[in-house]
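Here, each number is a calculation from the coordinates, and none is a lab measurement. These numbers were taken from a predicted model, which means no experiment stands behind them. Note that each Cβ is placed from the backbone with ideal geometry, even for glycine, and that neighbours are counted across all protein chains shown.
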Amino acid sequence: MIRYQIGSRHPASHYFDVTISIEHPDPTGQALRLPNWIPGSYMIRDFARNLLDLRAADVNGMVSVEQIDKSNWRAVPCEGELTLSYRVYANDLSVRAAHLDHNHGYYNGSSVFLEVLGHAEQPCEVQIERPQGEDCADWQVATSLGRKLAEPYEFGLYEALDYDDLIDHPVEMGCFSRIAFEACGVAHDIILSGRFDCDEARLADDLRTICEHHIRFFGEPAPMDYYQFQVLVVGEGYGGLEHRASTSLLAKRDSLPKPGQLEIDDDYRDFLGLCSHEYFHTWNVKRIKPEVYRPYDLQSEVYTDLLWAFEGITSYYDDLALLRCGLIDAQSYLELFAQTLTRVRRGCGRLRQSAAESSFNTWTKFYKQDENAANAIVSYYAKGCLIAACIDLKLRALSDGAKSLDDVMRQLWQDFQRDGRGVEREGIQQLVSDIAGVDLSAFLDELIYGTGDLPLAGLLTEAGIGVLQRVAKNSQEKGGKTASDKLPAVDLGAALKDGDNGLAVLRVAEEGSLQTAGLSAGDVIIAVDGLKLNLAKIDNRLLRASPGDVLRIHAFRRDELNQFDVTLQAALEDTFVLDVADAERAKWSWLGV
Ligand SMILES: [Zn+2]
């Protein structure tokens, strides 16, 4: 039995103190390693860079440990039980790593627990100790990890089936709010940490509705007997990471429903969409997963073409479920869907990278986006969501509404339950054709491996949805809403932001007005036609301009002033607005409500 122990002698310094007791270490020398990435977040993060003061001892005293590479160690052969101790610096306030201070603690096992090679398949225990100091006297523990000798929500002894299980149940500790509810007979907790003002009963009601939808969508019983939403509330922030029986979420304070708030505003709708997304992953990616993830190689990159399906289909159902549950109406759903259409349409990267390539290159491109990303890549989340819609609408159209993407997902779930096998590269395409009853491989190949625009306008029209494509009101508009104001005829082809010293150029579109004139991301615009402008004023200025007009722009690049004559190009119709054009047809063929 491997026994881990985690605590902290001084939480304010952000250090977790970890010990590992190995009763029967490898007689030839015990090997140990730490993951370099965490499942669900496809980037090499080198968690070992935060590990220090590694020491080992046996009955005779200190045992030397050789470091083999950035994340692998080997202790020399020893006598009897081997005990390791080390510290982990935990100051990453995200859902991917670990964070500790005098207010709360949070960790993913992949950041703090060394894997004991040769023992990873065996059950292990973890003693979660209360961090030292008065600040932590009232702290509790929230995790979906199994309890062995610990009262609910208290420090004590927890257990895991194996190392994979140990690192798939993040742990939150601190003074948090706990809201319990039941969905389809499964106990759920919402753990809210941080400072917030929230209508907790409302939140529990809405999340229960979503959870029941997803459980019934795949079919009862749910694959877990307990589930926890761990929400860290912050001023600004957004993120989520899925686990087998929990999710860690980072949410901004304003996204929680305020007491007395009746409507679902845009921020709360985003938060519910995030919860829906991570919960859907309980099936799609935590259980149904690419074959290459079985098991995960957490030492190096694992390549798959399929993230468009595991993230994209999940992104499709996250908002669609809010509609199906009755939490939002059809117009609100169409607004969100139109925003995704707009997001994909706005980058010429969509014409360069397919959804499969985007998935494959997640390690170096999607997770390492720079200022040129919109010109170079497409998001497998956003395009994957649109591909899911294409497949759904195509199946519905071919079968007179009898078949849909729902059948594909349910079949994937049944296949997983039957043999636990992973999804092969062509597995989903094959299944879609099987369910359609006709060979859709050419249609699907174009969606997944092609770089042309998706055939959504036709599919949506056929489903009773009106598709309007127009120019954007201004550079901040996300799309989805009808425009009553006058629209500009020209566009700078750039994302700008008000700054202290001028207008910062965040991104330029390839061959757009600014890039053609020589401006670049990183430039700071200080004057347009000799006048100081902010974002609102430049939007106003563009409303009065025509294609071919020239603006004289002064901008700093580093500390050097440059002058550019920018010929304004015609604005692109890259903003989508959808509405229900034929209510009966939309209800029957797609939206269902
Ligand atoms: Zn996701």
Checked against a 18 Å limit on the C-alpha separation, the offending pairs among LYS403/LYS587; LYS497/LYS537; LYS70/LYS368; LYS383/LYS478; LYS394/LYS587; LYS486/LYS537 are LYS70/LYS368
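Between TYR153 and GLN430, what length comes free when the chain is fully extended (0.36 nm per residue of separation minus the Cα-Cα distance, one decimal in nm)?
Working: separation 277, 0.36 × 277 = 99.72 nm, distance 4.53 nm.
Stretched fully, the TYR153-GLN430 segment lengthens by 95.2 nm.
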Lys and Arg at +1, Asp and Glu at -1: neighbours of PRO25 with Cβ under 15 Å from its Cβ sum to -3
The rounded separation in angstrom of the Cα centers of region 86-116 and region 534-593 is 42
Using alpha carbon centers only, region 378-430 is separated from region 277-312 by a whole-angstrom value of 15
With the dipole of the chain defined by +1 on each Lys or Arg Cβ and -1 on each Asp or Glu Cβ, the option from GLY592, LEU535, TYR227 whose Cα lies farthest towards the positive pole is LEU535
Stretched fully, the stretch from ASP254 through ASP453 gains (0.36 nm per residue minus C-alpha distance, one decimal, in nm) 68.1 nm
Karplus ³J(HN,Hα) for region 226-233 (6.51 cos²θ - 1.76 cosθ + 1.60, θ = phi - 60°; Hz, whole; x = Gly/Pro) runs 7, 9, 10, 8, 9, 10, 9, 8
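If the only charges are +1 at each Lys and Arg Cβ and -1 at each Asp and Glu Cβ, what is the size of the charge dipole of region 96-213 around the Cα centre, to the nearest 20 debye?
Roughly 100 debye for region 96-213.
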Quick calc, ARG544 & VAL59: beta-carbon distance into FRET formula, R0 60 Å, rounding 0.05, result 0.10
Given 247-256, 306-315, the highest-first ranking by average Cβ count within 10 Å works out to 306-315, 247-256
Note on region 208-316: contact order normalised by length, alpha-carbon pairs under 8 Å, 6 or more apart, percent, works out to 21
Given the candidates ILE190, THR143, PHE217, the one whose Cα lies deepest towards the positive end of the charge dipole of region 138-235, counting +1 at each Lys or Arg C-beta and -1 at each Asp or Glu C-beta, is ILE190
Given unit charges at Cβ for Lys, Arg (+) and Asp, Glu (-), the dipole magnitude of the chain about its Cα centre in debye, nearest 20, is 1200
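Mean Kyte-Doolittle hydropathy of 0.0 or higher plus an axial Cα length of 20 Å or more: which whole DSSP H helices in the chain meet both? If you can, show how the numbers build up before the last one.
Values: long enough: 200-218 (27 Å, -0.33); 266-280 (21 Å, -0.65); 330-345 (22 Å, -0.06); 382-398 (24 Å, 1.19); 405-419 (22 Å, -1.19).
Span-like helices, by this rule, are 382-398.
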So for R0 = 56 Å, FRET eff. of ARG9-ASN562 from the Cβ-Cβ r, to 0.05, ends up at 0.55
So the FRET efficiency between GLU301 and GLU446, C-beta based with R0 = 30 Å and rounded to 0.05, is 0.65
Residue span TYR293 to ASP439: 0.36 nm per residue of separation minus Cα-Cα distance leaves a gain in nm of 49.8 nm
Projected onto the charge dipole of region 389-528 (unit charges on the beta-carbon of Lys, Arg, Asp and Glu, signs +1, +1, -1, -1), the Cα from GLN515, ASN501, PHE443 with the largest positive-side position is that of ASN501
Expected sort for 150-156, 88-94 on mean C-beta neighbours within 10 Å, highest first, is 88-94, 150-156
Under the helix-only model (-39500 (n - 2.57) for each DSSP H run of 4 or more, divided by the residues of the chain), the mean residue ellipticity at 222 nm, to 500 deg cm²/dmol, is -7500 deg cm²/dmol
The Cα extents of the chain along the principal axes, largest first and rounded to whole Å, are 83, 63, 50
Trypsin sites (Lys or Arg not before Pro) in region 123-196 lying in a DSSP loop, each with at most 15 other Cβ atoms within 10 Å of its Cβ, come to ARG195
Check: C-alpha center region 441-499 vs C-alpha center region 1-53, spacing in Å is 46
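What's the magnitude of the charge dipole for region 215-307 around its Cα centre, counting Lys and Arg as +1 and Asp and Glu as -1 at the beta-carbon? Answer in Debye, nearest 20.
On the way: 10 positive and 15 negative charges, 66 e Å.
With only Lys, Arg, Asp and Glu charged at Cβ, the dipole is about 320 debye.
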Expected sort for 480-492, 454-466, 353-365 on mean C-beta neighbours within 10 Å, highest first, is 353-365, 454-466, 480-492
